[in-house]
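For reference, the structure is listed below as structure tokens.
The values are calculated or read from the model by the stated rules, or taken from the named source; none is laboratory data. Because the structure is predicted, anything quoted here is derived from the model rather than measured. Cβ placement follows ideal geometry from the backbone for every residue including glycine, while neighbour counts extend to all protein chains displayed. Protein only, heavy atoms only, side chains kept; ligands, DNA and RNA dropped before computing areas. Shrake-Rupley method; radii C 1.70, N 1.55, O 1.52, S 1.80 Å.
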Amino acid sequence: MKTGALLLISLLALGACASAQRTLSYDAGIPDADVFVGDQRFQVWFHDTDQTVLVMRGDPQPLGQLLAQNVIVYANDSSLGILWWGAAANAVLQPIGCYGTEVTGSDQMREIEYTCPQAADVDAQVAAQREQWRRGVRVPAPAAAN
């Protein structure tokens, strides 16, 4: 019961944000990738129709639960700079021939647009890599700490 109430409160708080509708356009299920950048853990979802990924801090769990966790656990932690978020996205984008181009968002969630210089079937690549990515992808922390 407490989790349901917390989730509802989190979604209402998220609804106050301009990006709420955008965030909720991602699949609410388990993330496509579990990424460690140095000692920080991120979850990555690929958008179904747009060339964007959603990156959130935390352990693997459905989107709504991770949103609720971030409201509680990381609410006042803005210690990670933009390079960390880009590294998390590029950990799964680069192996499929793509790279992040623009980072938007705040708090413990970022949306990253990406491009693929060579034509790539991103959906097929993600489907082929997803199970491996869910077991964990590790990349070094950015050279510049923030």
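Summary table below
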| read-out | value |
| --- | --- |
| Scan of the stretch 27-40 for residues that are in contact with a helix residue (DSSP H, G or I) (Cβ under 9 Å, 6 or more places away or on another chain), open to solvent by 10 Å² or more (accessible area, probe 1.4 Å) and of a type outside the set (Gly, Ala, Ser), ordered by number | Asp27, Ile30, Asp32, Phe36, Gln40 |
| Selected residue (only one of Gln51, Gln69, Gln43, Gln61 is open to solvent by 40 Å² or more (accessible area, probe 1.4 Å) and at pLDDT 85 or above) | Gln51 |
| Test result for Gln118, of a type in the set (S, T, N, Q) and closer than 17 Å to Val35 by Cα | no |
| Number of positions in the stretch 97-128 that are farther than 17 Å from Thr49 by Cα and open to solvent by less than 50 Å² (accessible area, probe 1.4 Å) | 5 |
| Qualifying positions in the stretch 76-133 - acidic (Asp, Glu), closer than 14 Å to Met56 by Cα and touching a residue at least 60 places away in the same chain (Cβ under 8 Å) | Glu111 |
| Enumeration of residues in the stretch 130-146 that are open to solvent by 50 Å² or more (accessible area, probe 1.4 Å) and either modelled with pLDDT of 95 or more or over 26 Å from Gly81 (Cβ atoms) (or both) | Arg130, Glu131, Gln132, Arg134, Arg135, Arg138, Pro140 |
